[in-house]
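> Pasting a structure here, questions to come.
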Amino acid sequence: APQIVWLRRDLRLADQPAFHDAAQAGPVIPVYVLDDDAPGDHAIGGAARWWLHQSLDSLSRDLGKHRSRIVLRRGDAASELIQLAKEVGAQCVHAIRHYEPWWRAAQRKVAGEVNLVLHDGNYLLPAGAVTTGSGDPYKIYTPFSKAVLDEMPPREPLPAPDTISLPERWPDSDDLADWGLLPSKPDWAGGMRAFWQVGEAAAHDRLEEWSGMVADYDDGRNLPSIDGSSRLSPHLHWGEISPAQVWHRLHGRRGQGWATFAKEIIWRDYAQNVIAQFPDYPRKSYRDGYGDLWRSRKPARNDLQTWQRGMTGYPVVDAGMRQLWQTGWMHNRVRMITASFLVKHLLIDWREGERWFWDCLVDADYGNNGVNWQWISGTGVDSNMFPRIMAPLTQSEKFDAGDYIREFVPELSSLPDEVIHDPPDDQRGDYPPKMIGHKEARERALSAYRKSRG
Ligand code: FAD
């Protein structure tokens, strides 16, 4: 009897335990269901849809080498799966476990009707695998990361299946091109096409390249002007590569670069561990007393747009917001600077930023995005970062963002390092003035914060 492999954010063949076990058990029918209803306000965003299209296309081509394919369906994922399993008389549905609340609900629904086997494999450890001394899940990153490190290395990655046997008859499938995942008019994806290679093979190419660079990560990761971080985030998000594969490829590399990098990979597990405990974490603040901190929606509306368009008058903030728009990705240091600017300099609710990033990032991730936004805002279950207000101009200089600004803010491309972080009025040309002074914004934020604390 055929085995169904239910694909979601696990679009790879190697170290894909659902695929591995299904291929050993019988003919395989890989299925992807595009479900835009179950996730509610977190349906896959614009840039991520572009990535998804390329990634499904790439996996289809890899499966084509085995004369296999992906069956594409659209609608309520759980109902589609159940119906398909019954239609083809599947013995079993294999899937990698996911922790987003809509996927957990779908997993429960499918398991109620058909034989669903859930595998772990998109994280170093399953959520809940490490606990505090009293047996509770961790809420704070540092003790969590120590506990995870104690369990490392992760299990050896599985090979891709040698052979994939085919079903006697393929069920009907949608056409990927009909899903409209790619932008049509205007075509805003040119910058993304130029910046990214999508798919499992591309993820491994980048990992190979990165294995020669990770030694410099400790210094390089903070410098937006250079290629100093792995840029594996969309590949990891879409599951084109597994963290166990990344770990085993790199952990022989000695030195501080690898040690720091390993901690970032663990941040990803941490975020998953948080949403497993608090499923609506990306949707609501967890620390009390923040209700009246943010400015009301109406007067903040224009400021939000100015930030989204990268027209704040702070070069490093604008470079980041424009990098995001053009490439679907933003450097981590600059994600922190732009996020802090929105919630502190502009006093806008972090959820507006979370939404914008969700729509614009190719690596938009329910856990990572929500956890990082709440961390910057100080509204989450971990330490309170609100009073630590980042100074964008100082950050820009300290982390040498000159070339980065020249690349993404063409109005300033001819300015030298000495002035580019904070150009004087007569050298700004068409570039807008600062929407609010740093000192004034800082005082406004701290005073609003004190008031909200009563
Ligand atoms: P590297 O520095 O090479 O790190 C390696 C991997 O570790 C990353 O690919 C990522 O999977 C993981 N990682 C690194 N930093 C973090 C972190 N702080 N939290 C969780 N995982 C991390 N990351 C996302 O994958 N999706 C998001 O939607 C997302 N939203 C963010 C929003 C804000 C406001 C901030 C401050 C950070 C956000 N991050 C998000 C985390 C981080 O910025 C990106 O993972 C990183 O910039 C991706 O680039 P990289 O692959 O070169 O990272």
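The values are calculated or read from the model by the stated rules, or taken from the named source; none is laboratory data. As the structure is a computational prediction, the values presented were derived from the model and not from experiment. Cβ: placed from backbone, ideal geometry, glycine included. Neighbour counts: every protein chain shown.
> Kindly check whether there is at least one residue in segment 424-432 that is in contact (Cβ under 8 Å) with a residue 24 or more places away in the chain, within 16 Å of the ligand (Cβ to nearest atom) and not assigned by TED's automatic domain parsing to the domain that holds I140.
no
> Looking only at segment 364-385, filter to residues that are hydrophobic (A, V, I, L, M, F, W, C) and surrounded by fewer than 23 Cβ atoms within 10 Å (Cβ to Cβ); which one of those is nearest to the ligand (Cβ to nearest atom)? Talk me through it step by step, then tell me what you get.
Initially, segment 364-385 is screened for residues hydrophobic (A, V, I, L, M, F, W, C), giving 364, 371, 373, 375-376, 381, 385.
Subsequent filtering for residues that are surrounded by fewer than 23 Cβ atoms within 10 Å (Cβ to Cβ) retains 375, 381, 385.
Numbers: W375: 7, V381: 15, M385: 11 Å.
In this case the residue turns out to be W375.
> Tally up the residues in segment 233-262 that are crowded, with 17+ Cβ neighbours inside 10 Å, assigned to a helix (DSSP H, G or I) and within 12 Å of the ligand (Cβ to nearest atom), please.
13
> In segment 391-419, which residue that is small (G, A, S) and in contact with a His (Cβ under 8 Å, 6 or more places away or on another chain) is farthest from W325 (Cα to Cα)?
Among them, the one singled out is A391.
> Oh, and also: Specify the residue that is nearest to G380 (Cα to Cα); the eligible residues are those in segment 263-308 that are more than 9 Å from the ligand (Cβ to nearest atom) and small (G, A, S).
Per the criteria, the residue is S285.
> Among the residues of segment 301-327, count how many are free of Cβ contacts under 8 Å to residues at least 12 places away in the same chain and either in contact with a Pro (Cβ under 6 Å, 6 or more places away or on another chain) or more than 20 Å from W358 (Cβ to Cβ) (or both). It would help to see each step written out before you state the result.
Just the residues of segment 301-327 that are free of Cβ contacts under 8 Å to residues at least 12 places away in the same chain, to begin with: 301-302, 305.
Cutting the leftovers down to either in contact with a Pro (Cβ under 6 Å, 6 or more places away or on another chain) or more than 20 Å from W358 (Cβ to Cβ) (or both) gives us 302.
Result for segment 301-327: 1.
> Within segment 397-405, can one find any residue that is more than 11 Å from the ligand (Cβ to nearest atom), acidic (D, E) and touching a residue at least 60 places away in the same chain (Cβ under 8 Å)?
In the first step, residues of segment 397-405 are kept if they are more than 11 Å from the ligand (Cβ to nearest atom); the result is 397-405.
From what's left, acidic (D, E): 397, 400, 403.
Going one step further and asking which of them are touching a residue at least 60 places away in the same chain (Cβ under 8 Å), we end up with 400, 403.
Checking segment 397-405: at least one residue is more than 11 Å from the ligand (Cβ to nearest atom), acidic (D, E) and touching a residue at least 60 places away in the same chain (Cβ under 8 Å).
> If I filter segment 147-157 for residues that are in contact with a helix residue (DSSP H, G or I) (Cβ under 6 Å, 6 or more places away or on another chain) and either under 25 Å from D37 (Cβ atoms) or outside any loop (DSSP other than H, G, I, E, B) (or both), do I get at least one hit?
There is at least one residue in segment 147-157 that is in contact with a helix residue (DSSP H, G or I) (Cβ under 6 Å, 6 or more places away or on another chain) and either under 25 Å from D37 (Cβ atoms) or outside any loop (DSSP other than H, G, I, E, B) (or both).
> Report, by residue number, each residue of segment 192-208 that is more than 12 Å from the ligand (Cβ to nearest atom) and under 22 Å from A259 (Cβ atoms).
Selection gives E208 alone.
> Please go through segment 207-232 and pick out each residue that is crowded, with 19+ Cβ neighbours inside 10 Å and in a helix (DSSP H, G or I).
Matches in segment 207-232: W210, V214, Y217.
> Moving to a separate point now. Could you check, for segment 343-353, whether at least one of its residues is within 9 Å of the ligand (Cβ to nearest atom) and surrounded by 24 or more Cβ atoms within 10 Å (Cβ to Cβ)? Spell out how you get there, then give the answer.
Step one: of segment 343-353, the residues within 9 Å of the ligand (Cβ to nearest atom) are 350, 353.
Those left that are additionally surrounded by 24 or more Cβ atoms within 10 Å (Cβ to Cβ): 350, 353.
Yes, the conditions are met somewhere in segment 343-353.
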